[in-house]
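Worksheet: one structure, shown below.
The values are calculated or read from the model by the stated rules, or taken from the named source; none is laboratory data. Not measured: the values here are computed from a predicted model. Positions of Cβ are generated from backbone atoms using ideal geometry, with glycine treated the same way; all protein chains shown enter the neighbour counts. Only protein heavy atoms, including side chains, enter the accessible area calculation; ligands, DNA and RNA are left aside. Shrake-Rupley method; radii C 1.70, N 1.55, O 1.52, S 1.80 Å.
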Amino acid sequence: MFDPITLGIMAVSTGLQIKGQLDAGKSSEEQSKLNAFRMETETKLGKVQASQEAMARREEYDIASKSNYAQFAASGRDIGSDMSVKAFMDKQKETLGEDIRRGDVQAQLERNRGAEAAGAERASGRNARRASLINAASTAIGGGLDMYRTK
């Protein structure tokens, strides 16, 4: 027997389920986009921080070099021709270069990791959206089939 009230309730219920599934997928995708943006922002901040750390290291080197030259001069050593002074200062410069290169490599690894994480987060959101579309289509078909059987 045909019951229009039951069919109406089934249609509304199916419609609400579909809307909920679509909204959930859209919400997941938007949240993933926001998370990816946050990750990219953190990556950019990390790049700035690495640059500041390199600058601070250079400044420390400059201060230490001036101090070392002053101490060598005060001890009566000829800074221009003393080979041990030159070797010491060259070693300090080499150490600075190694520190900065290590920091640059670490910063690049962090940028790569951040970009990969942001990409994965966006993909996760797109996948959640696609899944919600498939679930909504399935709900629509199932609801339509149930209404057809009830009719």
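Here's a check for you: in the stretch 110-149, which residue that is among the hydroxyl-bearing types (Ser, Thr, Tyr) and modelled with pLDDT of 95 or more is least open to solvent (accessible area, probe 1.4 Å)?
Among those residues, the one meeting the criterion is SER132.
Going by the structure shown, is ASP78 assigned to a helix (DSSP H, G or I) and exposed (fewer than 12 other Cβ atoms within 10 Å of the Cβ)?
When the stated conditions are applied, ASP78 does not pass them.
Hey, can you tell me all the residues within the stretch 24-59 that are among the charged types (D, E, K, R) and either at positive phi or open to solvent by 70 Å² or more (accessible area, probe 1.4 Å) (or both)?
Passing the criteria: LYS26, GLU30, LYS33, ARG38, GLU42, LYS44, LYS47, GLU53, ARG58, GLU59.
Could you check MET39 against (1) under 27 Å from ILE100 (Cβ atoms); (2) part of a helix (DSSP H, G or I); (3) at pLDDT below 95 and say which number it fails?
(3)
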